[in-house]
Amino acid sequence: MKKYVAEFIGTAVLVVLGCGTAMLVGCDAAAGGGYILTALAFGLVIVGMAYCVGNISGCHINPAVSLGVLMSGGITVKDFLGYVVSQCLGALAGAGLLGAIFGLGGVKDMTGGFGSNGLAGVGGSAVAGLLVEIVLTFIFVMTILGVTSKKAGHGSFGGLVIGLTLVLVHILGIGLTGTSVNPARSFGPALVAAFAGNAAPLSCLWVFIVGPMVGAALAAVVYKFLESEN
């Protein structure tokens, strides 16, 4: 149970600090500083949480990562399901907390949707959005599997490498889809945005569930092949 609580907390923190930063500074291409700040916020949360709850749950805080670890033999199906439920509830709690903070404080949400993901950057194309999310998640999960492999020997630097990789994929992905690579991170803000009267993020939410899960599955298959001795 403690590892599920750790995943809940970690995912909630990711949404509060990552999506919250996006809401505060915006992600307008004309003001690239917002891109960098948001990318750094997401990446630095992973670094912090890796050293905070990593020894308890592995700090997946992402259903796609949990799928990759499951397919690599790192967790059981039972834990996978428990992790995914905890992550989604954590994301929902984090987005709800942002709603309370921004609502009570009268702070303008610069994203218009609690930092939720969308397809505006790819011309509304679901196919292009899927491709972006598959590729970026593949890169991210491949890195995680490599860093956490027993053969890697990265020791205490693993969390830093993973966090910086998340920064990197956000730098490209923010202008295209807002960068999900994490179904839970997309689910929570989209649901809270719909509750607040903006149902648009829900219409394309499936892209940010399917894309990351496919990318993670591909990463697990490819990394298992590369790491095998045959």
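The values are calculated or read from the model by the stated rules, or taken from the named source; none is laboratory data. Owing to the predicted nature of the structure, the values given are computational and were not obtained by experimental measurement. Ideal geometry is used to build each Cβ from the backbone, glycine not excepted, and the neighbour counts take in all protein chains shown.
Worth pointing out:
- Leading residue by the ranking (surrounded by the fewest Cβ atoms within 10 Å (Cβ to Cβ)) among those in segment 157-172 that are farther than 15 Å from Ile61 by Cα and over 14 Å from the mean Cα position of the chain (by Cα): Phe157
Rundown of residues vs (1) under 20 Å from Ile36 (Cβ atoms); (2) outside any helix (DSSP H, G or I); (3) touching a Gly at 6+ places or on another chain (Cβ under 6 Å), yes/no style:
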site	(1), (2), (3)
Glu133	no, no, yes
Ile171	yes, no, no
Leu205	no, yes, no
Ile209	no, no, no
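- Gly129 vs. criteria out of contact with any Pro (no Cβ under 9 Å at 6 or more places or on another chain) and modelled with pLDDT of 95 or more: yes
- Test: residue in segment 29-44 that is surrounded by fewer than 18 Cβ atoms within 10 Å (Cβ to Cβ), farther than 21 Å from Phe140 by Cα and in contact (Cβ under 8 Å) with a residue 12 or more places away in the chain: yes
- First in segment 98-117 and touching a residue at least 60 places away in the same chain (Cβ under 8 Å) and under 17 Å from Thr177 (Cβ atoms), second anywhere and among the hydroxyl-bearing types (Ser, Thr, Tyr) and part of a helix (DSSP H, G or I), Cβ under 9 Å, 6 or more apart: Gly115/Thr21; Gly115/Thr38; Ser116/Ser186; Asn117/Ser186
- Given (1) closer than 26 Å to Leu70 by Cα; (2) in a loop (DSSP other than H, G, I, E, B); (3) modelled with pLDDT of 95 or more, index of the condition Gly153 fails: (3)
- Ala128 passes every criterion in (1) of a type in the set (A, V, I, L, M); (2) in contact with a Cys (Cβ under 9 Å, 6 or more places away or on another chain); (3) part of a helix (DSSP H, G or I) apart from (2).
- Filtering Ile56, Ile139, Ile61, Ile162 for residues that are under 17 Å from Val5 (Cα atoms), part of a helix (DSSP H, G or I) and either aliphatic (A, V, I, L, M) or at pLDDT below 95 (or both) leaves a single hit, Ile56.
- Residue in segment 77-91 that is out of contact with any Asp or Glu (no Cβ under 8 Å at 6 or more places or on another chain), part of a helix (DSSP H, G or I) and within 21 Å of Ile174 (Cβ to Cβ) present: yes
- Within segment 1-11, the set of residues being crowded, with 24+ Cβ neighbours inside 10 Å and either modelled with pLDDT under 95 or more than 23 Å from Val161 (Cβ to Cβ) (or both) comprises Phe8 only.
- Residue match in segment 171-182 (condition: among the β-branched types (Val, Ile, Thr), in contact with an Asp or Glu (Cβ under 7 Å, 6 or more places away or on another chain) and in contact (Cβ under 8 Å) with a residue 40 or more places away in the chain): yes
- If the condition is being polar (S, T, N, Q) and either surrounded by 18 or more Cβ atoms within 10 Å (Cβ to Cβ) or under 16 Å from Val181 (Cβ atoms) (or both), then segment 45-88 contributes Ser57, Asn62, Ser66, Ser72, Ser86, Gln87.
- Top-ranked residue in segment 111-138 [being surrounded by fewer than 16 Cβ atoms within 10 Å (Cβ to Cβ) and aliphatic (A, V, I, L, M); ranked as nearest to Cys19 (Cα to Cα)]: Ala120
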